[in-house]
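The values are calculated or read from the model by the stated rules, or taken from the named source; none is laboratory data. The shown structure was predicted, so the numbers you read here are calculated from the model rather than taken from an experiment. FYI the Cβ positions are ideal-geometry reconstructions off the backbone, even for glycines, and counts take in every protein chain you see.
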Amino acid sequence: MSNMLDDGVASMVGSLLAVAGSVYTYTRGSSSATVTMRRTTPENETLDDNGQYVSTKFDDFLIGTSDMPYGDPVQGDRISTSSTVYEVQPRGGEQVFRRSNPSMTRIFTIQVQR
């Protein structure tokens, strides 16, 4: 059963995606679906890889939980545009996604192709 706060957040998520969302292709295995998501500001983090510094491009995507085409995101799923591919990956000991509330899911990705 939802409450007024959950209903308000669901409405805000819908409005955010309607105004600031973009269309992406979400792929799991050989199945693909078109979804509207909001890519957050990318972060560049420097990671120590056996004494070497490398720069990795992380991006998060916000999506309405009910809009997830295949249920919860899993590592290895891909999110793409016509020119860029992101792979769902955990970051910093977290899962590959986080629910801010029942209506919104944040998916953690790494850019794998440009």
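Worth a mention:
- Count of segment 1-33 residues which are surrounded by 10 or more Cβ atoms within 10 Å (Cβ to Cβ) and modelled with pLDDT under 75: 14
- Applying a threshold of 6 Å to beta carbon distances and a minimum spacing of six or more residues, or different chains, the list of pairs starting in segment 1-22 at a residue that is farther than 15 Å from Thr65 by Cα and ending at one that is modelled with pLDDT of 70 or more and surrounded by 11 or more Cβ atoms within 10 Å (Cβ to Cβ) reads Ala20/Arg38.
- When restricted to residues that are farther than 19 Å from Ser22 by Cα and either modelled with pLDDT of 90 or more or crowded, with 17+ Cβ neighbours inside 10 Å (or both), segment 34-69 contains 0.
- Summed over segment 96-109, the residues that are modelled with pLDDT under 90 and polar (S, T, N, Q) give a count of 3.
- Candidates Val112, Val88: the one that is at pLDDT 90 or above, over 17 Å from Ser22 (Cα atoms) and not acidic (Asp, Glu) is Val88.
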